[in-house]
Amino acid sequence: MTTTPIVALQKPKDISLDDIESELQSIWHQQDSGSATPIATRATTFTMVVYEPEEVQQILAALGYYTGFIDSNHGSMTREAIRQAQIAYDLRVTGRVDPPTLARIRQEYAQLSPSQKVYPNIDQRGFSLSESISAHNPCRIISLCPTFGEDTGVTAQVSVYCPVQKKSSGNLVCCEYINLRGTKAALGRVSDLIASLTLPELPKFVWWKATPSPEQLIFQNLAKSSNCIIVDSSFFSDAEAELQKMQDLIEAGTYIADLNWHRLAPWQELTAAAFDPPERRESLLDVDRISIDYEQGNAAQALLYLGWFASRLGWEPVDYVGEGGIYNIQKFHFKGPNGLSIEAELAGIPVADLGEVVGDLTGLRILSTDKSANCCTILCSETTGCMRMEAGGGAQACQVEQVTALSDQRADFMLGQQLQRWGEDMLYEESLAMVAKIMNLPK
């Protein structure tokens, strides 16, 4: 990824919480009265609050497995640290944090003495300006960086960075950075101040880089004051429970955008294209079987796809059967608008070559028990293929397609795209509402 060149009007400066606004005004006053070239002006686009907990790197650093910077970038050093921890604790070695790994390293960390929980790693969270965000020239970024250890209050740093845009006219359009560090409890005590730092006249985004926490005071206050809370359900430790939280927030009037939803676009587009021909479109009403395979570790994409498909066809959830096993098979039964009984199967596939995103779809099959129906469709990931999908179905002729993933599925890149389309996404909301219905079936 190309790093955006930046010019700093002032390096990060430690200040008190009460002095944040006055210090920023001072920076701009110094710039106005000087003769610096090129001219720097304040951006006037939006305010963004970024919640960067980065629990994994902090725990692994305290346990002695991670020696790099605390930077929220799960690159090769972080993946290797996770691998070493998984080997040490006799876990499945993946280099990624799955629920069993997270639970175990939390347990090991809890057993450390206070002195052992102190680590020397430099904390670089809060002042890295990704190109995907800087291209939009936000007016202000407020980074919240929860720390471990003793609660000593909240520290603040401010600075102003000016991304040098390609094909620039020579002027610099600059972004104000406010970085707040402290324990979760300490940040909670200043949650009203955090909300007040967002500029009232501009749109306000919250990029919550963690499992959503509606019970946290910070989250509650930011939800009230923001236009949109952006999450990535591939980060969720318990996809089923957290998607239900998303639905509850939407019902309460909070606008939620899920970056993981947009990763489904190639699958949705190919599904729609497969049923575009008139002779196949009519057979959609005959579909009564759908199997969805996803990379084991996070069922969010599979559930969102099922929610989308079921809501489009007007299915109503009836019951749930959890079969478990190596694929953690889950079966959901629906009733179609024509009274048809429908079965949907979700399967978590153990994949040797893990992808960049936890829980990516690997394959799906849509068909009918009516052998005369022309609806059998198989979609397979171009990278992982369909390990369980076989083009069966007797007399049915299956249409088989390969799905090419989006060229860049990283969260920061997806975030840049989300900032261009932050209006309400009714299709996502209707799909999520169906997921909530599915999750509320008796288990």
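Table for the structure above
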read-out	value
List D288, D192, D276, ordered by accessible area with a 1.4 Å probe, largest first	D192, D276, D288
Residue-normalised accessible area of segment 19-120, expressed per residue, 1.4 Å probe, Å²	52
Ranked order, E176, E279 - accessible area, probe 1.4 Å, largest first	E279, E176
Cross-link pairs beyond the 29 Å C-alpha cut-off, checked among K209/K437; K117/K245; K224/K437	K117/K245
Spatial separation of Cα centroids for segment 152-221 and segment 246-261, in angstrom	20
Helix-only mean residue ellipticity at 222 nm for the chain, each DSSP H run of n ≥ 4 adding -39500 (n - 2.57), per residue, nearest 500	-9000 deg cm²/dmol
Net lengthening on full extension, L313/A241 (0.36 nm per residue, minus Cα-Cα)	23.5 nm
Length gained when the stretch H29-E55 is fully extended (0.36 nm per residue, less Cα-Cα span)	5.6 nm
Across the chain: Cys residues that no other cysteine approaches within a C-beta distance under 4.7 Å	C139, C145, C175, C228, C375
Unit charges at the beta carbon, dipole of segment 202-353: most positive-side option, W267, V231, P278	V231
Sites T45 and S372, calculated FRET efficiency, Cβ-Cβ separation with R0 56 Å, nearest 0.05	0.50
Fluctuation leader among A88, A299, A405 - the chain, Gaussian network, Cα springs under 10 angstrom	A88
Apportionment of accessible area to carbon and sulfur, the chain, percent (1.4 Å)	51
Å² of accessible area per residue within segment 216-312, as computed with a 1.4 Å probe and no ligands counted	32
Net charge over other residues, Cβ less than 9 angstrom from the Cβ of S233 (K, R count +1; D, E count -1)	-3
Option label - Rg/Rh (Cα atoms, Kirkwood Rh) computed here, alternatives [x] 0.97; [y] 1.09; [z] 1.01	[z]
Contour minus Cα-Cα distance for L112 and W422 (0.36 nm per residue)	107.3 nm
Rg ratio (alpha-carbon, reference 2.2 N^0.38 Å) - segment 314-388	1.28
Segment 54-118 versus segment 325-344: alpha-carbon centroid distance in Å	38
Net +/- balance of residues flanking E23 in space, Cβ distance below 11 Å, scoring K and R +1, D and E -1	-4
Amide H contacts of A210 (H built 1.01 Å from N, under 5 Å, at least 5 apart or other chain)	D232
Distance between modelled label sites at K224 and A103, nm, 7 Å Cα→Cβ extension	3.6
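The values are calculated or read from the model by the stated rules, or taken from the named source; none is laboratory data. From a predicted model like this one, the values you see are computed outputs, not experimental measurements. Ideal geometry is used to build each Cβ from the backbone, glycine not excepted, and the neighbour counts take in all protein chains shown. Only protein heavy atoms, including side chains, enter the accessible area calculation; ligands, DNA and RNA are left aside. Shrake-Rupley method; radii C 1.70, N 1.55, O 1.52, S 1.80 Å.
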